[in-house]
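We did not get these values from a lab; they are worked out from the coordinates using the rules stated. If you're wondering where the values come from, they're calculated on a predicted model, not measured in any experiment. Cβ placement follows ideal geometry from the backbone for every residue including glycine, while neighbour counts extend to all protein chains displayed.
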Amino acid sequence: MKYLLIPAATLLMGGCASTYSPVPENYSGAISKFESTQKRHSEGKADLFYLEKVDGKRIHNSAAATRSATYGQGFALTTEHVVTDTPSSMATFTIKGRTLYAAPIQAMTGTVYEVTGDVTFSPEPDITYIVRGELGKAYSAVWIEEKGSGKVILKKIEIKGDSELGFFEK
């Protein structure tokens with residue numbers, strides 16, 4: 001009986017980990033790329049700015065990759081930056097800036113800032129975009145810019161004031 005439960009549990013857990021791929025299978029159109037950035041505070045803490053969703057669907061992102069890379073390393077945070085390919089067509093991009101710690105206990109006892117929002121636009125073919133931002137007590141922002149030119153795409157998602165998460169939001 002226990003041998004029957006193992007495959008069932010594996011299937012159930014695998015379904016929870018699936019993420020959306022913005023580029024459909026057999027897609028042959030133009031592609032744009034999105035990269036993440038970070039501001040490192042210490043060996044165990046960084047602010048990460050990344051693409052979280054495309055058209056409301058969660059994608060494999062730099063925060064998830066960082067959590068995986070850091071697992072089992074104690075208080076050492078290993079950041080992983082995912083480059084996401086997307087079709088060069090109109091879409092809504094959810095971007096996020098968040099303070100990440102190596103260990104959950106650090107997040108519970110430390111300060112975690114977060115800012116997130118949507119930017120809807122049609123990325124240009126063969127252009128790489130970068131998610132940038134800043135997090136702090138008085139001002140936090142996250143935005144998309146063209147790599148190379150530094151041109152901000154549409155708008156910055158801003159919080160003027162405190163963007164610190166409460167204990168149960170961390």
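Details
- Qualifying positions in segment 117-170 - among the hydroxyl-bearing types (Ser, Thr, Tyr) and within 21 Å of residue 107 (Cβ to Cβ): 140, 163
- Per-region count, segment 32-57, residues under 15 Å from residue 97 (Cα atoms) and in contact with a Phe, Trp or Tyr (Cβ under 9 Å, 6 or more places away or on another chain): 14
- Selection status of residue 140, more than 15 Å from the chain's Cα centre (by Cα), on the phi < 0 side of the Ramachandran plot and surrounded by 21 or more Cβ atoms within 10 Å (Cβ to Cβ): yes
- Taken over segment 39-98, residues that are surrounded by fewer than 15 Cβ atoms within 10 Å (Cβ to Cβ), part of a strand (DSSP E or B), in contact with a strand residue (DSSP E or B) (Cβ under 6 Å, 6 or more places away or on another chain) and of a type outside the set (Asp, Glu) amount to 2.
- Residue in segment 138-145 that is among the charged types (D, E, K, R) and touching a Ser or Thr at 6+ places or on another chain (Cβ under 8 Å) present: no
- Condition met for residue 163 (closer than 18 Å to residue 49 by Cβ and either buried (at least 16 other Cβ atoms within 10 Å of the Cβ) or of a type in the set (S, T, N, Q) (or both)): yes
For (1) on the phi > 0 side of the Ramachandran plot; (2) among the hydroxyl-bearing types (Ser, Thr, Tyr); (3) assigned to a loop (DSSP other than H, G, I, E, B), each residue gets a yes or a no:
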| position | (1), (2), (3) |
| --- | --- |
| 100 | no, no, no |
| 114 | no, no, no |
| 123 | no, no, yes |
| 154 | yes, no, yes |
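- Among residues of segment 23-34 that are within 22 Å of residue 130 (Cα to Cα), those with a Cβ under 6 angstrom from a residue that is surrounded by 15 or more Cβ atoms within 10 Å (Cβ to Cβ) and among the β-branched types (Val, Ile, Thr), sequence gap 6+ or separate chain, pair up as 32/86; 32/127; 34/84.
- Residue check, residue 105 of a type in the set (Val, Ile, Thr), free of Cβ contacts under 8 Å to residues at least 12 places away in the same chain and farther than 17 Å from residue 20 by Cα: yes
- Once segment 106-126 is narrowed to residues that are under 15 Å from residue 156 (Cβ atoms), surrounded by fewer than 17 Cβ atoms within 10 Å (Cβ to Cβ) and not β-branched (Val, Ile, Thr), the residue that is farthest from the chain's Cα centre (by Cα) is 121.
- Out of 92, 70, one residue alone is hydroxyl-bearing (Ser, Thr, Tyr), over 11 Å from the mean Cα position of the chain (by Cα) and closer than 24 Å to residue 164 by Cα. It is 70.
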